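The values are calculated or read from the model by the stated rules, or taken from the named source; none is laboratory data. Predicted, not measured: the structure shown is a model, and the values here were computed from it. Because the Cβ atoms are built from the backbone with ideal geometry, glycine has one as well, and the counts that use them run over all protein chains shown. Accessible surface areas use protein heavy atoms only, side chains included; no ligands, DNA or RNA. Shrake-Rupley method; radii C 1.70, N 1.55, O 1.52, S 1.80 Å.
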Amino acid sequence: MNYRYIVVEGSIGSGKSELSRRLAGQLGALHLTENPEKNPFLAPFYANASNHGLAAELFFLMRRAECVETIHAEEEKGSVIVADFLLEKDQIFVPVVLNDNEQTLFWEIKRKAMPRYPVPDLVVYLQTTAEGNRKRLQKRGDGAVNLFPAGYLGQVHGEYSRFFHLYQNAPLLIVNADELDLSGNDDHFALLLSAMNDLQGSRNYLNLSDK
């Protein structure tokens, strides 16, 4: 497995943070996480979705710009990086969070502030159903599922599906994460590692029903 920069992505509640952490441990890699809980504008946005969205997205943009520097530095050292977010994931969230005028401003700022970002060697997309994500959030028992504005989780899930249906920037492994427990089941995790070793072409799929 010769990957140096791997991204694990998926909609809210898909399990991307847990899987990326386990994958980083398996590969002896730097685990690069977005840490959304450190965004001071996120809780106010959830409480009042019509406000604070632009500030929340700009905060994420600045943190991702910093992560570009980290990724380049690790690559120069020959290190492996596993991230739980795609640097261009604003293409998923901005259409949901911002109105038209705010989107125009956001993209203008991004063009000036965001450095050229590195392309992953592999993106693992955890494909899920919206209901499956909701059940996983409820199972966590921390009340996170109640934080989001009405309809928000469904909108975000739809944007993830749209984005990855069209995604061609890097090799993509689409994993049926409703069938596979990649964080808690060792056999399922081994299937993922095997699939990562045996990729052919730019778009691949992993389904438990195919095994």
Residue-normalised 222 nm signal for the chain, counting each DSSP H run of n ≥ 4 as -39,500 (n - 2.57), nearest 500 deg cm²/dmol, is -15000 deg cm²/dmol
Carbon/sulfur accessible area of segment 1-104, % of total, 1.4 Å probe, equals 48
Taking only the alpha-carbon positions of the chain as identical scatterers, the Debye log10 I(q)/I(0) at q = 0.18 Å⁻¹ comes out as -1.45
Along the dipole axis of the chain (charges at Cβ: +1 for Lys and Arg, -1 for Asp and Glu; origin at the Cα centre), the most positive-end residue among Phe189, Ser79, Ala43 is Ala43
In the structure shown, of Lys77/Lys139; Lys112/Lys139; Lys110/Lys139; Lys77/Lys112, the pairs separated by more than 30 angstrom at the C-alpha atoms are Lys77/Lys139; Lys112/Lys139; Lys110/Lys139
Each label sits 7 Å from Cα toward the beta-carbon; between Ser79 and Asn35 the label points are separated, in nm, by 1.4
Ignoring ligands and nucleic acids, Leu42 exposes an accessible area, probe 1.4 Å, in Å² to the nearest 10, of 20
Checked segment 129-208 with the C-alpha gyration tensor, a ≥ b ≥ c its square-rooted eigenvalues, rounded below a/c of 1.5, otherwise prolate if a/b is larger than b/c and oblate if not; verdict oblate
The equivalent-ellipsoid semi-axes of segment 1-82, taken as the square roots of five times the Cα gyration tensor eigenvalues and listed largest first in whole Å, are 28, 16, 8
Here the gain from full extension of Arg63 to Ala150, 0.36 nm per residue of separation minus their alpha-carbon distance, amounts to 28.6 nm
Taking Cα pairs closer than 8 Å and at least 6 residues apart, the relative contact order of the chain in percent is 29
In debye to the nearest 20, the charge dipole size for the chain, taken about the Cα centre with +1 at each Lys and Arg Cβ and -1 at each Asp and Glu Cβ, equals 180
If the label point sits 7 Å along Cα→Cβ of Leu208, residues of segment 115-129 with amide N under 20 Å come out as 124-129
Probe 1.4 Å, heavy atoms of protein chains only: per residue, the accessible area of segment 11-135 in Å² is 48
